[in-house]
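Enquirer: Have a look at the structure that comes next, please.
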Amino acid sequence: MENIFVMDGSADSWEDAIQICTERLIEEGVVKPSFKEACLKREQAFPTGLPTAPGVAIPHAGNEHVYENGICLLRLKHPVLFQRLDVPEETVPVNFVYNLATSESEGHIDILKKLMESIHSGQILKDYMDVPLEQLYDMVYKQLNK
């Protein structure tokens, strides 16, 4: 995957975090403007918060809102609460928001698999917390392109 964007930021809520990511993907020409609202609606209906340490969410939307594959990783200075994927009645504090955009209906499976490999390796996420942004980009690029 070539369209990888990483950034540091602050958000007051899960909605803010998703908006920050989707705006970057829209700016970069990876997704249609409709992607933002589609991600917010999908996250409400099907939460993506993962109870990892540190916490992760992987919001996304249907491929009809996407021009080309891409991902925006937002590393939050302070975690925001997302509903849990496995127990939607509960929330999880999230430090990393991976906003995923795939242009093929099946394309997200391979990318999700690669993401989950790194997410389930708790050490990788801990390493992601403290590295400079340029190094974080390199780490994510290698993970998604192996």
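Enquirer: Quick one: SER13 ticks every box in (1) more than 19 Å from TYR141 (Cβ to Cβ); (2) among the small types (Gly, Ala, Ser); (3) crowded, with 17+ Cβ neighbours inside 10 Å except a single one, so which number is it?
Expert: (3)
Enquirer: If I ask for residues that are outside any strand (DSSP E or B) and either among the basic types (Lys, Arg) or in contact with a His (Cβ under 8 Å, 6 or more places away or on another chain) (or both), which ones from region 64-111 would you list? If you could, list the steps in order and put the result at the bottom.
Expert: From region 64-111, those outside any strand (DSSP E or B) are 64-65, 67-69, 85-90, 102-111; that's our starting set.
Correct list: THR102, HIS108.
Enquirer: Could you give me the residue pairs with C-beta distances under 8 Å whose first residue belongs to region 114-142 and is closer than 15 Å to ARG75 by Cα and among the acidic types (Asp, Glu), whose second residue is surrounded by 14 or more Cβ atoms within 10 Å (Cβ to Cβ) and modelled with pLDDT of 80 or more wherever it lies, and which are 6+ apart or on separate chains?
Expert: ASP127/MET139
Enquirer: Across region 84-113, what is the total count of residues that are touching a residue at least 60 places away in the same chain (Cβ under 8 Å) and in contact with a Pro (Cβ under 9 Å, 6 or more places away or on another chain)? It would help to see each step written out before you state the result.
Expert: Step one: of region 84-113, the residues touching a residue at least 60 places away in the same chain (Cβ under 8 Å) are 94, 97, 99, 101, 111.
Filter once more, so that each one left must be in contact with a Pro (Cβ under 9 Å, 6 or more places away or on another chain): 94, 97, 99.
Qualifying residue count, region 84-113: 3.
Enquirer: Of all residues in region 31-49 being surrounded by fewer than 23 Cβ atoms within 10 Å (Cβ to Cβ) and among the aliphatic types (A, V, I, L, M), which is nearest to ALA11 (Cα to Cα)?
Expert: So, considering only residues that are surrounded by fewer than 23 Cβ atoms within 10 Å (Cβ to Cβ) and among the aliphatic types (A, V, I, L, M), the one nearest to ALA11 (Cα to Cα) is LEU40.
Enquirer: Another question, then. Take the residues of region 87-101 that are over 13 Å from GLY55 (Cβ atoms) and surrounded by fewer than 23 Cβ atoms within 10 Å (Cβ to Cβ): which is farthest from the chain's Cα centre (by Cα)? Let's see the steps before the verdict.
Expert: Keep residues of region 87-101 that are over 13 Å from GLY55 (Cβ atoms), which gives 87-89, 99-101.
Next, only the ones that are surrounded by fewer than 23 Cβ atoms within 10 Å (Cβ to Cβ) stay: 87-89.
Values: VAL87: 19, PRO88: 18, GLU89: 21 Å.
Checked region 87-101; the qualifying residue farthest from the chain's Cα centre (by Cα) is GLU89.
Enquirer: Let me ask you something else. Kindly indicate whether any position in region 35-49 is assigned to a strand (DSSP E or B) and either touching a strand residue (DSSP E or B) at 6+ places or on another chain (Cβ under 9 Å) or at pLDDT 95 or above (or both). Outline the logic, then answer.
Expert: The initial filter retains those residues of region 35-49 that are assigned to a strand (DSSP E or B), namely 49.
Retained after the next criterion (residues that are either touching a strand residue (DSSP E or B) at 6+ places or on another chain (Cβ under 9 Å) or at pLDDT 95 or above (or both)): 49.
Yes, the conditions are met somewhere in region 35-49.
Enquirer: I would also like to ask the following. Of everything in region 102-121 that's among the hydroxyl-bearing types (Ser, Thr, Tyr) and surrounded by 14 or more Cβ atoms within 10 Å (Cβ to Cβ), which residue is modelled with the lowest pLDDT?
Expert: We begin by selecting, within region 102-121, every residue among the hydroxyl-bearing types (Ser, Thr, Tyr); these are 102-103, 105, 118, 121.
Going one step further and asking which of them are surrounded by 14 or more Cβ atoms within 10 Å (Cβ to Cβ), we end up with 102-103, 118.
Details: THR102: 91, SER103: 88, SER118: 75.
Applying the filter and picking the extreme gives SER118.
The values are calculated or read from the model by the stated rules, or taken from the named source; none is laboratory data. Note that this is a predicted model, so its numbers are computed, not measured. Ideal geometry is used to build each Cβ from the backbone, glycine not excepted, and the neighbour counts take in all protein chains shown.
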